[in-house]
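Colleague: Next up is a structure, given as structure tokens.
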Protein chains: 2
Amino acid sequence: MEKKSEEGITVKKQENFSEWFTQVIDKGELVDLRLDIKGFTVIRPWAALVMENMFNYLEKELQKKGHKPTFMPSVIPKENLKKESEHIKGFTPEVFWLKDTGDNKELALRPTSETIYTPMFKFWVRSYRDLPLKLYQRGSVFRLDTKATRPLIRGREFIWIECHDAFSTKEEAEAQVQEDIDTTEKVMHQIYGVPFLPMKRPDWDKFAGAEYTVGSDCFMPDGKLIQQPSTHLMGQKFSRAFDATFKNKEEKEEYLWTTAYGPAVSRILASVIATHGDDSGMIFPYAIAPVQVIIVPIFNAENKEYVLKKSKEILNELEKMEIKTEIDEREYKRPGEKYHIWELKGVPFRIELGDKEIKNKEIVLFTRDTKKKEKLKLIDLKKIPKLGEQFDKRLKEKADKFIEDKIVNCSNKKEIKQALSSGKLAKINFCSTDKNGVACAEIVEKEFSGDVRGTLASKNEKATGNCLFCGKPATKVIYIGKSY
Amino acid sequence: MEKKSEEGITVKKQENFSEWFTQVIDKGELVDLRLDIKGFTVIRPWAALVMENMFNYLEKELQKKGHKPTFMPSVIPKENLKKESEHIKGFTPEVFWLKDTGDNKELALRPTSETIYTPMFKFWVRSYRDLPLKLYQRGSVFRLDTKATRPLIRGREFIWIECHDAFSTKEEAEAQVQEDIDTTEKVMHQIYGVPFLPMKRPDWDKFAGAEYTVGSDCFMPDGKLIQQPSTHLMGQKFSRAFDATFKNKEEKEEYLWTTAYGPAVSRILASVIATHGDDSGMIFPYAIAPVQVIIVPIFNAENKEYVLKKSKEILNELEKMEIKTEIDEREYKRPGEKYHIWELKGVPFRIELGDKEIKNKEIVLFTRDTKKKEKLKLIDLKKIPKLGEQFDKRLKEKADKFIEDKIVNCSNKKEIKQALSSGKLAKINFCSTDKNGVACAEIVEKEFSGDVRGTLASKNEKATGNCLFCGKPATKVIYIGKSY
């Protein structure tokens with residue numbers, strides 16, 4: 001089964017990131033594409049286990065913030081989908097339709113679920129007392145993307161959480177958008193170690209049906225951006241379309257204010273791998289690694305029983321501390337092969353244990369990111385959770401450092417070109433992010449093969465001077481980058 | 001939002017179970033049918049939270065037994081579905097097909113995933129060293145059922161876990177079938193408190209493509225049976241169809257032996273509700289209740305602040321013990337209304353707290369199943385987890401007792417008729433459960449509106465005498481019941 005892993009990664013991450021990523025997710029046994037259905041990926045246990053851990057952190061944070069789970073149908077009637085005109089215009093080309101089921105209802109596989117949650121809000125919310133209502137579901141959505149698909153990064157089915165919230169006022173809804181950004185920060189950045197820039201998208205790039213969208217832009221090692229969780233202020237657009245009202249404190253009917261937030265766990269996994277991995281393969285944060293400590297016993301026919309017994313004692317001790325531990329006791333593989341496999345798979349710590357170590361009441365501890373080996377007394381095994389915390393802190397700091405110098409202030413086209421060609425983000429003064437800016441954004445795309453990613457949502461940056469492209473007074477400070 | 005709950009359940013469970021169930025899941029805010037897509041149900045937070053807890057117990061038990069999670073595509077190419085001839089024959093009428101996506105592949109929504117897992121086994125298993133391989137996924141499957149649908153019980157989309165396992169030998173595969181029955185016992189019976197009879201189905205009622213099927217039959221309060229988790233010995237049928245082989249210890253290629261196990265959590269939830277509920281509504285086992293203790297503070301304008309402060313202290317103390325607790329501090333509802341709502345929703349314990357209780361350093365504890373109120377000193381709050389255990393033991397014992405006298409030994413048609421009409425299961429000697437028994441099973445269906453459910457899989461019961469219907473020597477002891 002691990003033949004492929006044994007081959008190792010044959011390219012350097014910095015030299016050919018795209019090929020590195022393809023090899024890592026294949027040889028590390030995360031996904032399998034041999035089922036050969038365009039855009040649909042088989043996610044193997046190693047990836048599924050990481051994703052389960054990622055889901056747990058996300059759901060815990062969401063529940064802490066008052067969200068409750070639901071399970072909505074995977075299909076949406078056409079009549080629902082078409083209620084909000086911008087929404088249907090945006091999503092129609094991307095919808096999978098079911099063949100006639102004989103029930104006089106045309107059904108689509110859900111591309112996203114605003115058009116199911118909003119009509120239910122109509123039933124569930126009668127007065128301001130029922131608000132806020134914050135719901136989510138974990139599940140698959142389906143988009144008939146006709147562009148090139150890439151496993152984990154861009155697919156036709158992806159596994160995500162979608163939150164749909166309803167409020168009494170616009171202020172509360174806008175505060176929810178900020179809370180969603182905070183959730184991304186607390187989970188994706190603080191736990192998974194993946195930094196991001198919260199970008200308020202230009203109008204032409206917002207979610208179909210939203211008032212505005214804030215996307216989280218993460219850097220890939222080649223400098224390209226990938227959008228991670230986005231949060232949308234729907235305003236009253238969907239509630240008007242579905243006539244979803246509530247009685248306010250003055251007993252007057254008002255339309256609900258709604259928001260949506262969609263962290264795609266399968267896609268965030270791609271950023272985790274891309275951000276932390278190295279030339280030997282993946283490196284998973286201790287917090288989400290399926291195996292936090294792998295024990296490789298070094299034995300021969302003579303001392304096998306004894307070494308395995310001691311290995312099991314260590315396993316038991318670590319499991320008592322709730323450390324996810326496994327012993328690789330396969331006899332048909334040499335220790336060196338095992339080291340190789342578990343490094344490729346990104347396990348944070350490896351314990352090597354042989355006769356000598358047992359005699360000295362110690363182990364050899366290998367740390368995946370620093371690749372350092374050190375001796376640790378058995379009595380000091382209790383330090384591992386602390387070492388795990390430090391491990392994650394190092395990964396996060398390294399990732400933060402990587403994006404630190406990625407933003408370049410540009411004042412002419414040459415600088416923009418230079419920034420983009422060196423895998424950076426060009427920051428410029430720009431005419432507008434509403435429809436008046438479309439023409440200039442098209443120039444950006446044509447001249448630099450880059451996108452206007454939007455304005456920074458975390459601070460209010462004041463524009464100065466004129467737009468480089470049309471010469472009109474600049475109203476926004478925007479960021480241009482290449483993207484996936 | 002709770003207007004409906006306030007109305008209460010208007011029928012008795014024993015008098016009209018079907019209506020009782022419909023009211024309970026609606027007024028208790030478990031599901032909503034107003035989206036009006038035949039067979040697709042909106043599952044609301046209260047049900048979703050119970051299901052999350054149910055999933056957790058199931059997945060923990062499966063992982064303990066060596067299963068690992070995966071995420072497989074929700075769609076299956078037609079060419080895969082039709083590989084195993086009995087499988088496609090059995091499932092074709094029930095398949096939702098997608099409209100042409102322009103990729104030259106006809107895709108179905110998965111009705112079950114043997115035809116995706118088996119071709120992957122072909123890639124993932126090379127030798128006996130890679131076995132056993134035990135995988136599962138949590139997700140939706142879709143069946144275009146044309147019969148009447150009922151929320152949670154029979155739908156076109158249901159949310160389940162499906163396990164797909166591969167082994168070197170038939171013996172190991174058969175042992176897995178027994179292990180699956182043990183998982184049902186450990187989780188559905190021991191934790192959820194729902195007893196079952198493991199029935200080896202007659203050949204005409206097995207899973208399409210299986211060698212044999214063991215279904216778990218649970219009783220509904222009206223005496224009808226509902227099939228809960230089933231486990232299937234696929235033998236080498238699917239592995240032959242997909243040419244999924246492995247090298248055995250003698251280096252010879254052999255076909256894999258496979259099994260499948262499918263606990264449908266949304267359907268098991270129906271049995272949990274049906275088994276434990278009473279005329280006031282649902283009763284959830286302490287182990288899976290979304291809220292284990294609801295605190296209802298009794299206050300007026302004067303003492304409100306003080307009573308709420310004390311309530312919060314109790315909440316904190318209970319949460320420290322990891323007891324799921326909430327305070328219902330809504331001012332616009334009277335305590336009596338609140339009692340009513342939380343009884344309907346099936347919360348195991350209610351704490352009533354007013355001035356008098358605070359003064360006496362005690363609480364009033366209401367227990368949902370016994371409906372007894374008792375005083376508990378604040379210092380004794382630590383007894384609640386123990387009381388929770390006893391709560392679940394009572395529910396389980398009551399459920400066990402309910403099915404104790406449900407099996408009736410019958411030796412003539414009159415007795416069978418009588419058993420079935422009094423909501424029991426008729427046990428008789430029968431000619432055969434292979435194709436030779438089909439004609440007699442048809443008589444059973446016609447004369448008694450009952451099904452031959454199969455033979456007991458948990459023990460080997462020896463048949464005596466002749467078949468009541470054809471007069472041939474009996475070879476099986478079978479059970480006849482009415483079913484959902």
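The values are calculated or read from the model by the stated rules, or taken from the named source; none is laboratory data. Just so it is clear, the structure is predicted and the values come from calculations on it, not from any experiment. Glycine gets a Cβ as well: all are built from the backbone with ideal geometry, and neighbour counts include every protein chain shown.
Colleague: Suppose the filter is over 27 Å from the mean Cα position of the chain (by Cα), outside the structural domain of residue B:22 (by TED's automatic domain parsing) and among the charged types (D, E, K, R); does residue B:310 pass it?
Modeller: In short, yes.
Colleague: Which pairs do you get when a residue that is farther than 26 Å from residue B:147 by Cβ, found in the stretch B:39-59, comes within reach of a residue that is among the acidic types (Asp, Glu), reach meaning Cβ atoms under 8 angstrom, with the pair 6+ apart or on two chains?
Modeller: Final answer for the pair search is B:45/B:29; B:46/B:29.
Results for (1) farther than 28 Å from residue A:481 by Cα; (2) out of contact with any Leu (no Cβ under 9 Å at 6 or more places or on another chain); (3) among the hydrophobic types (A, V, I, L, M, F, W, C), shown as yes or no for each residue.
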{"position": "A:334", "(1), (2), (3)": "yes, yes, no"}
{"position": "A:338", "(1), (2), (3)": "yes, yes, no"}
{"position": "A:347", "(1), (2), (3)": "yes, yes, yes"}
{"position": "A:353", "(1), (2), (3)": "yes, yes, yes"}
{"position": "A:384", "(1), (2), (3)": "yes, no, yes"}
{"position": "A:393", "(1), (2), (3)": "no, yes, no"}
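Colleague: Which residues, counting only those in the stretch B:21-62, are facing chain A (nearest Cβ under 8 Å), more than 27 Å from residue A:105 (Cα to Cα) and either assigned to a strand (DSSP E or B) or not hydrophobic (A, V, I, L, M, F, W, C) (or both)?
Modeller: B:52 - this is the single residue of the stretch B:21-62 that is facing chain A (nearest Cβ under 8 Å), more than 27 Å from residue A:105 (Cα to Cα) and either assigned to a strand (DSSP E or B) or not hydrophobic (A, V, I, L, M, F, W, C) (or both).
Colleague: Identify the residue in the stretch A:123-136 that is more than 9 Å from chain B (Cβ to nearest Cβ) and not in a loop (DSSP other than H, G, I, E, B) and, among all such residues, is farthest from the chain's Cα centre (by Cα).
Modeller: Among them, the one singled out is A:128.
Colleague: What single numbered condition from (1) among the hydrophobic types (A, V, I, L, M, F, W, C); (2) buried (at least 20 other Cβ atoms within 10 Å of the Cβ); (3) part of a helix (DSSP H, G or I) fails to hold for residue B:308?
Modeller: Of the numbered conditions (1) among the hydrophobic types (A, V, I, L, M, F, W, C); (2) buried (at least 20 other Cβ atoms within 10 Å of the Cβ); (3) part of a helix (DSSP H, G or I), the odd one out for residue B:308 is (2).
Colleague: Then there's this: I'd like to know if the stretch A:244-254 contains one or more residues that are modelled with pLDDT of 95 or more, under 22 Å from the mean Cα position of the chain (by Cα) and assigned to a strand (DSSP E or B).
Modeller: No, that holds for no residue.
Colleague: Does residue B:181 satisfy the criteria of being modelled with pLDDT of 95 or more, among the β-branched types (Val, Ile, Thr) and either not in a helix (DSSP H, G or I) or not assigned by TED's automatic domain parsing to the domain that holds residue B:255 (or both)? Steps first, answer last, please.
Modeller: Working: modelled with pLDDT of 95 or more: yes; among the β-branched types (Val, Ile, Thr): yes; either not in a helix (DSSP H, G or I) or not assigned by TED's automatic domain parsing to the domain that holds residue B:255 (or both): no.
When the stated conditions are applied, residue B:181 does not pass them.
Colleague: Counting residues that are touching a residue at least 12 places away in the same chain (Cβ under 8 Å) and acidic (Asp, Glu), which helices (runs of 4 or more DSSP H) fully inside the stretch B:336-424 reach at least 3? Steps first, answer last, please.
Modeller: Numbers: elements: B:355-359, B:384-404, B:413-421.
Qualifying helices (runs of 4 or more DSSP H): B:384-404.
Colleague: I want to confirm something. Restricting to the stretch A:140-190 and keeping residues that are farther than 22 Å from residue A:273 by Cα and among the basic types (Lys, Arg), which single residue is nearest to the other protein chains (Cβ to nearest Cβ)?
Modeller: A:143
Colleague: Can you pull out every residue in the stretch A:459-476 that is under 23 Å from residue A:442 (Cβ atoms) and without any contact (Cβ under 8 Å) to a residue 12 or more places away in the chain?
Modeller: Within the stretch A:459-476, just A:471 meets the criteria.
Colleague: Quick one: which residue in A:66, A:139, A:102 is small (Gly, Ala, Ser), part of a loop (DSSP other than H, G, I, E, B), in the same structural domain as residue A:258 (by TED's automatic domain parsing) and under 30 Å from residue B:93 (Cα atoms)?
Modeller: Numbers: A:66 fails: under 30 Å from residue B:93 (Cα atoms); A:139 fails: part of a loop (DSSP other than H, G, I, E, B).
The match here is A:102.
Colleague: For residue B:74, state whether it is surrounded by 18 or more Cβ atoms within 10 Å (Cβ to Cβ), facing chain A (nearest Cβ under 10 Å) and of a type in the set (S, T, N, Q).
Modeller: Numbers: surrounded by 18 or more Cβ atoms within 10 Å (Cβ to Cβ): yes; facing chain A (nearest Cβ under 10 Å): yes; of a type in the set (S, T, N, Q): yes.
For residue B:74, the condition - surrounded by 18 or more Cβ atoms within 10 Å (Cβ to Cβ), facing chain A (nearest Cβ under 10 Å) and of a type in the set (S, T, N, Q) - is met.
Colleague: Scan the stretch B:36-52 and tell me whether some residue there is out of contact with any His (no Cβ under 6 Å at 6 or more places or on another chain), modelled with pLDDT under 95 and surrounded by fewer than 19 Cβ atoms within 10 Å (Cβ to Cβ).
Modeller: yes
Colleague: Condition first: part of a loop (DSSP other than H, G, I, E, B) and either among the charged types (D, E, K, R) or at the interface with another protein chain (Cβ under 9 Å from one of its Cβ atoms) (or both). Now tell me which residues in the stretch A:105-122 satisfy that.
Modeller: A:105, A:106, A:110
Colleague: Please tell me if residue B:429 is part of a loop (DSSP other than H, G, I, E, B), of a type outside the set (Asp, Glu) and either at pLDDT below 95 or surrounded by 13 or more Cβ atoms within 10 Å (Cβ to Cβ) (or both).
Modeller: On the way: part of a loop (DSSP other than H, G, I, E, B): no; of a type outside the set (Asp, Glu): yes; either at pLDDT below 95 or surrounded by 13 or more Cβ atoms within 10 Å (Cβ to Cβ) (or both): yes.
Taking the combined requirement at face value, the residue does not satisfy it.
Colleague: Looking only at the stretch A:184-227, how many residues end up being outside any loop (DSSP other than H, G, I, E, B) and either in contact (Cβ under 8 Å) with a residue 12 or more places away in the chain or crowded, with 21+ Cβ neighbours inside 10 Å (or both)?
Modeller: Number of matching residues: 23.
Colleague: Would you check if residue B:15 is assigned to a loop (DSSP other than H, G, I, E, B), over 30 Å from residue A:62 (Cβ atoms) and away from chain A (no Cβ under 11 Å)?
Modeller: Here the answer is yes, as residue B:15 does meet what is asked.
Colleague: Inside the stretch B:89-142, can you point out the residues that are touching a residue at least 60 places away in the same chain (Cβ under 8 Å) and small (Gly, Ala, Ser)?
Modeller: B:90, B:127, B:139, B:140
Colleague: Quick check on my filter: what residues within the stretch B:98-124 are among the hydrophobic types (A, V, I, L, M, F, W, C) and at pLDDT below 95?
Modeller: Listed by number, the list is empty, since nothing qualifies.
Colleague: While we're looking at this one, here's another question. Can you tell me which residue within the stretch A:77-99, out of those that are charged (D, E, K, R) and in a loop (DSSP other than H, G, I, E, B), is surrounded by the most Cβ atoms within 10 Å (Cβ to Cβ)?
Modeller: Per the criteria, the residue is A:84.
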